[in-house]
Each structure stands twice: as C-alpha cells, then as structure tokens.
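**Student:** Dropping the structure in here first, questions after.
The values are calculated or read from the model by the stated rules, or taken from the named source; none is laboratory data. Computed from a prediction, not measured in an experiment: that's the story for all the values here. Cβ atoms come from the backbone with ideal geometry, glycine included; neighbour counts cover every protein chain shown.
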Amino acid sequence: MPSFLTLFLYILGGAALGSFMLLTGIPAGPLLGAILGAGLLSVSGRLEIADWPLGTKTILGIGIGTVIGTGINKDTLGELQLLWKPALVITFTLLIAGILVGLLISRFFGVDKIVALLGAAPGGTIGMSLVGAEFGVGAAVAALHAVRLITVLFLIPAIVNFLAPTGGIDIPK
C-alpha cells in the first residue's frame, strides 16, 4: 500500500474516533479519541507503520504549541502573579519525582535508563518523544507517554469532578 494512503487511513482513524469522543463530553476527548483511533489501527498490524513526511511532527508540534500559546493572555499573566510559587513547587516536585521514578523503573524493571528517565519526565508526548528520538529511543518514550496521557485523560477529569464538583477551587489571595 502506498505510504500516503497508509498515512491517510491513520488520519481517518484518528479523526473518526476523535470526532466520536467529542460527543462524549470527556475533557480532551477528541485528543484521546485520535490517539486511540490511530493507535488501535497501528496495533492491529493491518497497516504498515505510518511514515510521516520529514518535518511533519515538528510542524504539528509548532501548531499545538501555538494553540496553547494563544490561550496565554493578560489575565493568565495576572493569575501567574498569584500562582508562581505553586508553579515552581509543582515543577520541581514533578522533575524530582520523574527522575526518581525513572531511576527506579530502570533498576527494578530493567528498562534502559534513558527510556525510563524520558518516559517518567513530566512533559507532553510530542516533546518527550522528540527528545527521545534524539537519543534513538523515541518510540519507546512515546509508548510510555501515550499510556500516561491516556490514563490521565480518563482519570483526572473524574477526580476533579469528585474533589471540586463546583467547577473550581478558590485560590486564596
């Protein structure tokens, strides 16, 4: 099968399940659905591994970053004046936890140390996979982050609804 047709089928599978998940009301449902749709096709073994044209992942990463960046505005910066201390605590706690978990996974499960550290690092699937690709372990890192992302997207909204059913937690001023 020509690679462009294979790629089109992956895009179609991701778009189909992503669109369906939009109807569920699950937060980030379209993202989760697209991951599952393309992933299920890949795991099925019926299609070859997608061969993305050179630079496509970088362009998509820039697009995602731009979408996220456009959500930053003066209000966000105002909130950051209140939240910079918790942001630093969260950041350094996640970094330290990621390093410790990565080292433990490497030691007790025999996972390559680079894969374990990058797989346990806080960060997005795309970003960590690109870093992993520079070390020659991009696919393994992407697999670990995909499992993490899917799990988090399923569980965290339910946990937030349970712990903060009013739609948010008041920030002390």
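**Student:** If you scan the stretch 29-55, which residues turn out to be closer than 14 Å to LEU9 by Cα and not in a loop (DSSP other than H, G, I, E, B)? Walk me through it before giving the result.
**Tutor:** Step one: of the stretch 29-55, the residues closer than 14 Å to LEU9 by Cα are 34-52.
Matches in the stretch 29-55: ALA34, ILE35, LEU36, GLY37, ALA38, GLY39, LEU40, LEU41, SER42, VAL43, SER44.
Condition check ((1) basic (Lys, Arg); (2) under 14 Å from GLY119 (Cα atoms)) across all residues:
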position: GLY71; (1), (2): no, no
position: THR76; (1), (2): no, no
position: LYS85; (1), (2): yes, no
position: ALA97; (1), (2): no, yes
position: LEU100; (1), (2): no, yes
position: LEU104; (1), (2): no, yes
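**Student:** Quick test of your reading of the structure: ILE26 fulfils all but one of (1) in the same structural domain as VAL131 (by TED's automatic domain parsing); (2) closer than 15 Å to LEU149 by Cβ. Name the failing condition by number.
**Tutor:** All conditions pass for ILE26, except number (1).
**Student:** Out of all the residues in the stretch 67-81, is one or more modelled with pLDDT of 90 or more, out of contact with any strand residue (DSSP E or B) (no Cβ under 9 Å at 6 or more places or on another chain), surrounded by fewer than 11 Cβ atoms within 10 Å (Cβ to Cβ) and part of a helix (DSSP H, G or I)?
**Tutor:** Looking through the stretch 67-81, none of the residues is modelled with pLDDT of 90 or more, out of contact with any strand residue (DSSP E or B) (no Cβ under 9 Å at 6 or more places or on another chain), surrounded by fewer than 11 Cβ atoms within 10 Å (Cβ to Cβ) and part of a helix (DSSP H, G or I).
**Student:** Might you check whether a residue that is part of a helix (DSSP H, G or I), of a type in the set (Phe, Trp, Tyr) and within 22 Å of ILE68 (Cβ to Cβ) occurs anywhere in the stretch 101-115?
**Tutor:** Looking for residues that are part of a helix (DSSP H, G or I), of a type in the set (Phe, Trp, Tyr) and within 22 Å of ILE68 (Cβ to Cβ), one finds none in the stretch 101-115, hence no.
**Student:** Applying the selection to the stretch 93-111, what residues are over 21 Å from the mean Cα position of the chain (by Cα) and either surrounded by 15 or more Cβ atoms within 10 Å (Cβ to Cβ) or of a type in the set (Phe, Trp, Tyr) (or both)?
**Tutor:** Scanning the stretch 93-111 gives SER106, PHE108, PHE109.
**Student:** Separate question: Considering only the stretch 131-150, state which residues are in contact with a helix residue (DSSP H, G or I) (Cβ under 7 Å, 6 or more places away or on another chain) and part of a helix (DSSP H, G or I). Quick ask: steps written out before the conclusion?
**Tutor:** Of the residues in the stretch 131-150, the ones in contact with a helix residue (DSSP H, G or I) (Cβ under 7 Å, 6 or more places away or on another chain) are 131-132, 135, 137-138, 140-142, 144-146, 149-150.
Correct list: VAL131, GLY132, GLY138, ALA140, VAL141, ALA142, LEU144, HIS145, ALA146, LEU149, ILE150.
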